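This report refers to the structure that appears directly beneath it.
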Amino acid sequence: MINSLTSLRFFFAFFVFLSHLGGIKTNNVLFNWLQRNIFFEGYLGVSFFFILSGFVLSYSSKEKVILNNFKILAFYKARLFRIYPLYMLTTLFGALLLKSNLEIKIWIINIFALQSFFPNYEDYFINAPSWSISDEFFFYLCFPLIFPLILKFKNIGLIIIVSLVILLFSIYSFYPFFSEKFVFYINPISRLLDFSLGIYLFTLFNKFRNLKYNFVKSSLIELLAILTFLFFFLPHNLFPRMYRFSIYYWIPMFMIIFTFSIFKGIISNVLNNRLLVYLGEISFSFYLIHLSIIGIVLPICSNMNPFLIILILLMICILLSTILYEFFEKPVNNYLKQKFL
């Protein structure tokens, strides 16, 4: 994995974390402005992760596909071993926090990670952030079919992705049967477009990966990618939320992932810092436990300064994420791979 992209995983997980701080009630004018205009926009973090997922799986699978050595069953096992143990552990933890008897139906839906397929998805959440893992499992299921096709028919693949986006928004405009959040944010079938865009992004990376730019030019291109992100982010309130759930952030996420996968400028040097890379490595644990931690800790410190609350929550989430990563996520994944792969 490319270190700068690993580091970026934490920054975008942090965006998702900020979006879940709506329970902090305060008269602090600055905090309330930040909450409305900055923190609330956690959607962009999910877009980043879905596009990055398509890119990273393509990055690690290309040689096997070309050499006709891609074993589908081994791929499914590897992804299951990487994701499922922590997914189930945090689901069990979420069930304990709910303090209620959950129906068998809800358990079955969560055990098989199907919660994001239901229009009334919130009725089936045990650990709310896990809806995106439900989407990821669907992406993994589709990957062995989608990746070779996009790899072979690059331009056709992009045309299909764009056409499906237009079709999706057109159909919803005339037949808005379900909530826009389900259709454009939660639904695995529509979010498969983000994942497919990540695969297409890999084909561009593979074409330009050997480009050589000096440090100054690389730094300027990296700065341009950050400025592009800000260009989209700062006026986001001017655009309907249904677009910001996914496609509005495609261009800046596309640029950020592409830029920091190829260029080695000053920002990449910062992102290659060992601490930032490590934070990126624990970001999966951070993502899955942060909302539960917020639910436990926030009522205890609700009367504190809101920025101090954020700091406390962040430190606790990082600490517990580190423990989960070192003593559960990493060793369990290694054991399962050694035992069954």
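The helix-based estimate of mean residue ellipticity at 222 nm for the chain, built from -39,500 (n - 2.57) per DSSP H run of four or more residues and divided by its residue count, is -23000 deg cm²/dmol to the nearest 500. Placing +1 on the Cβ of every Lys and Arg and -1 on the Cβ of every Asp and Glu, with nothing else charged, gives region 23-175 a dipole about its Cα centre of roughly 440 debye.
Each residue in T259, T228 was given a count of other beta-carbon atoms within 10 angstrom of its own, and listing them fewest first yields T228, T259.
For region 195-341, count all C-alpha to C-alpha pairs, find those more than 22 Å apart, and express that count as a whole percent of the total. When all Cα pairs of region 195-341 are counted, 63 percent exceed 22 Å. Any chance you could tell me what percent of the C-alpha pair distances in region 253-335 go past 21 Å? Tail fraction, whole percent: 47.
Simple point charges give the picture: +1 on the Cβ of Lys and Arg, -1 on the Cβ of Asp and Glu, and for the chain a dipole about the Cα centre of about 920 debye.
Hydrodynamic estimate: the Kirkwood radius of region 97-177 over Cα pairs, inserted into Stokes-Einstein at 37 °C and 0.692 mPa s, corresponds to D of 215 µm²/s. Across region 131-245 the C-alpha pair distances fall into 10 Å bins from zero in the proportions 11, 31, 36, 19, 3, 0 percent. Dipole orientation for the chain: of the candidates I166, I2, G198, I2 has the Cα lying most toward the positive pole (charges on Cβ; Lys, Arg +1; Asp, Glu -1). Fewest Cβ neighbours within 10 Å first, please rank W33, W107, W250, W131 accordingly. So the residues, fewest neighbours to most, are W33, W107, W250, W131. When the C-alpha to C-alpha distance is required to be over 26 Å, the pairs from K64/K339; K62/K212; K77/K264; K207/K339 that qualify are K77/K264; K207/K339. Residues M315, M1, ranked from the fewest to the most other C-beta atoms within 10 Å, line up as M315, M1. Compared with the alpha-carbon gap, the fully stretched path from K181 to L341 is longer by 53.8 nm at 0.36 nm per residue.
Short to long, the 20 Å bins of the Cα pair-distance histogram for the chain hold 28, 62, 10, 0 percent of all pairs.
Only the coordinates and a few stated rules stand behind these numbers; no lab work does. As the structure is a computational prediction, the values presented were derived from the model and not from experiment. Please note: Cβ atoms are built from the backbone with ideal geometry, for glycine as well, and neighbour counts cover all protein chains shown.
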